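Below is one structure, written out as structure tokens, with a few remarks after it.
The values are calculated or read from the model by the stated rules, or taken from the named source; none is laboratory data. Here the structure is a predicted model, which means the values were calculated and not measured. Backbone-built Cβ (ideal geometry, glycine too); neighbour counts: all protein chains shown. Surface accessibility is based on the protein's heavy atoms, side chains included, excluding ligands, DNA and RNA. Shrake-Rupley method; radii C 1.70, N 1.55, O 1.52, S 1.80 Å.
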Amino acid sequence: MRVAVTSDVLSVEAAIEWATLPRCGAVVTFTGVVREYSKDITGLRANGVVAIDYQCYESVAHARLLEIAEVAQQRWPGIGRIALLHRIGFVAVGEASVLACVSSGHRVDAFLAAQFCIDILKACVPVWKLEQRAAAQSWVETGAQIETVEQAASQWSPLTCGVAS
């Protein structure tokens, strides 16, 4: 497993290279990229985002990433490797802020485990977003209370999680 909270630029290529194993026929990646708009808690679109300043409680965030990877490995024993990386600090529009990369013997396990990892990460890793616009900045209101990995994992379904994120 490779987990990190880092201010470094995230390399999708490096994660794929690390996750690729001879016994794994599937490597699935999810890359979250900063976009030029956001939606507030009521669903209204707010344009003009130029960057996000990601802040977190690093020791807890790192521990949660590791716990998520361990739970995914238990649920899908055919997984080869899991990388969960979250960037902190100033991240411009178009740059990667989060990366989940999973290798497995077969594509179904890799897809499900990657979705599980990003969904649970969003539910319980303590990372906060300070959106930067040309003339202002504002904290992103998620409306979601941070859960434990165990709570989030027990409620997870690939059909209902991550729909609006």
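Give me the percent of accessible area attributable to carbon and sulfur for the stretch 65-126, probe 1.4 angstrom.
Exposed carbon and sulfur together represent 56 percent of the surface.
Which of the peptides 107-117, 126-136 is most tightly packed, and how do the rest follow, judged by the mean count of other Cβ atoms within 10 Å per residue?
Averaged packing, sorted descending, gives the order 107-117, 126-136.
Would you mind calculating the relative contact order of the chain from Cα pairs under 8 angstrom and at least 6 residues apart, reporting the percent as a whole number?
Relative contact order here is 31 percent.
Between R133 and S7, what is 0.36 nm times their sequence separation minus the Cα-Cα distance? Round to one decimal in nm.
43.3 nm
Any idea what the relative contact order of the stretch 4-77 is, in percent, if you count C-alpha pairs under 8 Å spaced at least 6 apart?
Result for the stretch 4-77 is 25 percent.
Could you please report the charge total around A92, scoring K, R as +1 and D, E as -1 over all other residues with beta-carbon less than 15 angstrom from its beta-carbon?
So the surrounding residues net to -1.
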